[in-house]
1. Considering the range 35-49 alone, what residues qualify as being surrounded by 16 or more Cβ atoms within 10 Å (Cβ to Cβ), out of contact with any helix residue (DSSP H, G or I) (no Cβ under 9 Å at 6 or more places or on another chain) and over 10 Å from residue 68 (Cα atoms)?
2. Hand me the list of strands (runs of 3 or more DSSP E) wholly inside the range 32-111 holding 1 or more residues that are within 24 Å of residue 152 (Cβ to Cβ), modelled with pLDDT under 95 and in contact with a strand residue (DSSP E or B) (Cβ under 9 Å, 6 or more places away or on another chain).
3. For the subset of the range 112-131 comprising residues that are part of a helix (DSSP H, G or I) and touching a helix residue (DSSP H, G or I) at 6+ places or on another chain (Cβ under 6 Å), which member is surrounded by the fewest Cβ atoms within 10 Å (Cβ to Cβ)?
4. Quick check: is even one residue across the range 219-236 without any contact (Cβ under 8 Å) to a residue 60 or more places away in the chain and in contact with a strand residue (DSSP E or B) (Cβ under 7 Å, 6 or more places away or on another chain)?
5. Could you figure out which of (1) more than 17 Å from the chain's Cα centre (by Cα); (2) surrounded by 10 or more Cβ atoms within 10 Å (Cβ to Cβ); (3) at negative phi; (4) touching a residue at least 12 places away in the same chain (Cβ under 8 Å) isn't true of residue 194?
6. List the number of the failed condition for residue 136; all other conditions in (1) in a helix (DSSP H, G or I); (2) buried (at least 19 other Cβ atoms within 10 Å of the Cβ); (3) touching a helix residue (DSSP H, G or I) at 6+ places or on another chain (Cβ under 7 Å) hold.
7. Can you name the condition, by its number, that residue 150 falls short on among (1) over 24 Å from residue 12 (Cα atoms); (2) modelled with pLDDT of 95 or more; (3) crowded, with 19+ Cβ neighbours inside 10 Å?
8. Collect the residues in the range 71-96 that are crowded, with 24+ Cβ neighbours inside 10 Å and in contact (Cβ under 8 Å) with a residue 40 or more places away in the chain, keeping them in residue-number order.
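The values are calculated or read from the model by the stated rules, or taken from the named source; none is laboratory data. Predicted model only: the values in this text are computed from it and were never measured. All Cβ positions, glycine included, derive from the backbone under ideal geometry; neighbour counts span all protein chains shown.
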């Protein structure tokens, strides 16, 4: 199996190095990752300016490239630019969760959406802030569960979040956003955002946020197609 690895924390991020070491045990690995931090860049890409793509020697014998752009562009340059043929894209291990409505902002998850646009299955791995131990310990367990339950038969994208502690795996749906911002308007005319936590601890283990916050590993199937099929059906019935 040929595997493309990327992330949004940057090619020097410790989570990516953990991911490379693990992914080498399940397939042939190549790495295309951002040159610098690209968190919360969502699915943005560069369409107006040239950007650097540089081969680097950071992972031993693993072929790796530093891309001076977003996670989505990392996948695009690998698949469209360098014509890499891969069976699986894995993004992470992110330093911090990607849960609920905040997934819309995630560069980590956006790389998986870019893979899905090319018809390639993908997984996003995220760990608790500055706490990779539990994620690294359970990568094998999660992957074996995904294979055993044939989850890729049902979804092209799997968003996996690891708690700081805990090993029970739950298949979940997206919950509400965990974070928002308050904005400070500064005297120099700039605006500074301040992160605000919205989590209300409902303890509903069917949603990703509560599952992870209560010590479970969350696996959430996602889809690239944003069509509101329920609305489409209702409109069709009304027109008919």
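1. Residues satisfying the conditions do not exist here.
2. Per the criteria, 88-95.
3. 114
4. Scanning the range 219-236, I find no residue that is without any contact (Cβ under 8 Å) to a residue 60 or more places away in the chain and in contact with a strand residue (DSSP E or B) (Cβ under 7 Å, 6 or more places away or on another chain), so the answer is no.
5. (2) is the only condition that residue 194 fails.
6. Evaluating residue 136 over (1) in a helix (DSSP H, G or I); (2) buried (at least 19 other Cβ atoms within 10 Å of the Cβ); (3) touching a helix residue (DSSP H, G or I) at 6+ places or on another chain (Cβ under 7 Å) leaves (2) as the failure.
7. Evaluating residue 150 over (1) over 24 Å from residue 12 (Cα atoms); (2) modelled with pLDDT of 95 or more; (3) crowded, with 19+ Cβ neighbours inside 10 Å leaves (3) as the failure.
8. Within the range 71-96, the subset crowded, with 24+ Cβ neighbours inside 10 Å is 71-75, 78, 89-94.
Once the filter is applied, which keeps residues that are crowded, with 24+ Cβ neighbours inside 10 Å and in contact (Cβ under 8 Å) with a residue 40 or more places away in the chain, the range 71-96 yields 71, 72, 74, 75, 78, 89, 90, 91, 92, 93, 94.
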